[in-house]
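The values are calculated or read from the model by the stated rules, or taken from the named source; none is laboratory data. Just so it is clear, the structure is predicted and the values come from calculations on it, not from any experiment. Note: accessible area is taken over every heavy atom of the protein model, side chains too, but ligands, DNA and RNA are not part of it. Shrake-Rupley method; radii C 1.70, N 1.55, O 1.52, S 1.80 Å.
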Amino acid sequence: DAAPTEGKTPFAVHSELAPSPWKKGNVLLRVALKGQALAPEAMPPANLVFLIDISGSMSSDERLPLVKSSLKLLVDKLRPQDKVAIVTYANGTRVALTPTSGSQKAEIKAVIDSLSASGGTYGAGGIQLAYAMAEQNLLPGGINRILLATDGDFNVGITRFESLKDMVQAKRKTGVALTTLGFGVGNYNEHLIEQLADAGNGQYAYIDTLSEGQKVLSEEMTASLAVVAADVKAQIEFNPAVIREYRQIGYENRALQREDFTNDKVDAGEMGYGHGVTMLYELTPVSEKGLIEPLRYGKAEGKPESHAKADNKANELGFLRLRYKKPGEESSQEMSFPLAWPGKDKLAKQAASDDFRFSAAVAAFGQWLRQSPY
């Protein structure tokens, strides 16, 4: 998707409609956000801490050896003004490398190469030590971030998921973000790793091959490290004169209450420079039979309580509202757009774009893996 052409907004907004490929009569809506582009050399100076799980569960080839190869790709991109520290954890915790300039690539790589896996997994202690290192070298106006590389198998110290999440949520107030990089299969704990990144104002990525490590840590380095917009929230009000039912596909664990949308104290997701976000909704038009039986005492079928207003906007599918904060600010700003409804007949004749069809294929496969009834 195209990035914004002007610097006024941190991200561009795109939308597209097409008939649903898996249910006749239904419609898919794709809403995509694309962050501003930023050249790697234009990034603010970075204060990074590599937090590396070197416990026994990380010994297989797709774990620690892949972690080492992937992080070295990021080291190749570091500049002299960037600093990296390395913290490891197994039965205990250790500072393997004190903050070191990005110009000392050989020294940083030598420490990474020296790591080996054994012992238990004191992840909570590792997180605490990594935050201490990051806070000690905090760069006001710079990038302050921990990159946690793990399979999520925490079995020493604090292991309860909610306690770990609470600890990370408290630490994000320091201005240090936590990005999580997941490695491995089998006992891999994606729920923990993904939710820790959410709590830590960071991103989550799963790395299963070196080419994926190259994509996340080298090609998309600005998206992974530098934030263009914080606490990004999306809300769509569908027009009940046009749409009978809707279903959000994905991001179920990021859902907010309606009243949270305008509450700036409620945390939401971060977007990096050049970062792309795709949202998909499956819609049932009023001309189709829905899955939900109409209410006996509710609004008229296919009509809102006051449907004259909606009928006057029969060419609108819905209304999209987005809120975000500029990095370092406490108050959010809002963007809003009406979403056009071309009508079912015209929609049926439109060809979906390659991006739309790819998104729909990924969403369908994800639902199939989860044995979705839809």
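Tell me what the chain gives for mean residue ellipticity at 222 nm when only DSSP H runs of n ≥ 4 count, each as -39,500 (n - 2.57), the sum divided by the residue total, rounded to 500 deg cm²/dmol. Intermediate results must be reported in sequence, preceding the final value.
Values: 10 runs with 93 residues, N = 374.
Counting only the DSSP helices, I get -7000 deg cm²/dmol.
Counting only protein heavy atoms and a 1.4 Å probe, tell me what percentage of the stretch 142-217's accessible area is made up of carbon and sulfur.
Details: 1400 of 2850 Å².
Carbon with sulfur: 49 percent of the solvent-accessible area.
Order F183, F365 by their accessible area, 1.4 angstrom probe, all chains in place, largest first.
F365, F183
Note the angle between two axes, namely the Cα long axis of helix 354-369 and the longest principal axis of the Cα atoms of the chain, as a number of degrees from 0 to 90, rounded to the nearest 10.
80 degrees
Can you classify the stretch 1-130 as rounded, prolate or oblate using the Cα gyration tensor, where a ≥ b ≥ c are the square roots of its eigenvalues, rounded means a/c under 1.5, and otherwise it's prolate if a/b beats b/c and oblate if not? Display every interim value, and only then the final one.
On the way: a/c = 3.00, a/b = 1.63, b/c = 1.84.
Oblate, because a/c is 1.5 or more while a/b does not exceed b/c.
Throw me the Rg/Rh for the stretch 1-45, computed over C-alpha atoms with Kirkwood Rh, two decimals. Could the numbers behind the result be given before it?
Working: Rg = 16.0 Å, Rh = 12.9 Å.
Dividing the radius of gyration by the Kirkwood radius yields 1.24.
If you fit an axis through the alpha-carbon atoms of helix 64-75 and take the longest principal axis of the Cα set of the chain, what angle between them do you get, 0 to 90°, nearest 10?
For 64-75 against the chain, the angle is about 90 degrees.
From the protein chains alone at 1.4 Å, what is the descending order of accessible area for D76, D82, largest first? The partial results should precede the final answer.
Values: D76 80, D82 5 Å².
From most exposed to least exposed: D76, D82.
Excluding ligands and nucleic acids, what accessible area in Å² is computed for E16 using a 1.4 Å probe, to the nearest 10?
40 Å²
What ranking of W341, W22, W368 comes out by heavy-atom accessible area, probe 1.4 Å, highest first?
Numbers: W341 35, W22 75, W368 180 Å².
I get W368, W22, W341, largest accessible area first.
For the chain, what are Rg and Dmax over the alpha carbons, in angstrom?
Both quantities, over Cα of the chain: 22.8, 72 Å.
Starting at the first residue of the stretch 85-95, write each ³J(HN,Hα) from the Karplus equation 6.51 cos²θ - 1.76 cosθ + 1.60 with θ = phi - 60°, in whole Hz, x for Gly and Pro.
10, 10, 10, 10, 9, 8, 5, x, 10, 7, 8
Please give the per residue accessible area of the chain, computed with a probe of 1.4 Å over protein heavy atoms only, in Å². Walk me through the numbers on the way to the answer.
Details: 18310 Å² over 374 residues.
Ligands and nucleic acids excluded, the result is 49 Å² per residue.
Would you mind calculating the relative contact order of the chain from Cα pairs under 8 angstrom and at least 6 residues apart, reporting the percent as a whole number? Walk me through the intermediate numbers first.
Working: 732 pairs, mean separation 68.1, N = 374.
Contact order relative to length: 18 percent.
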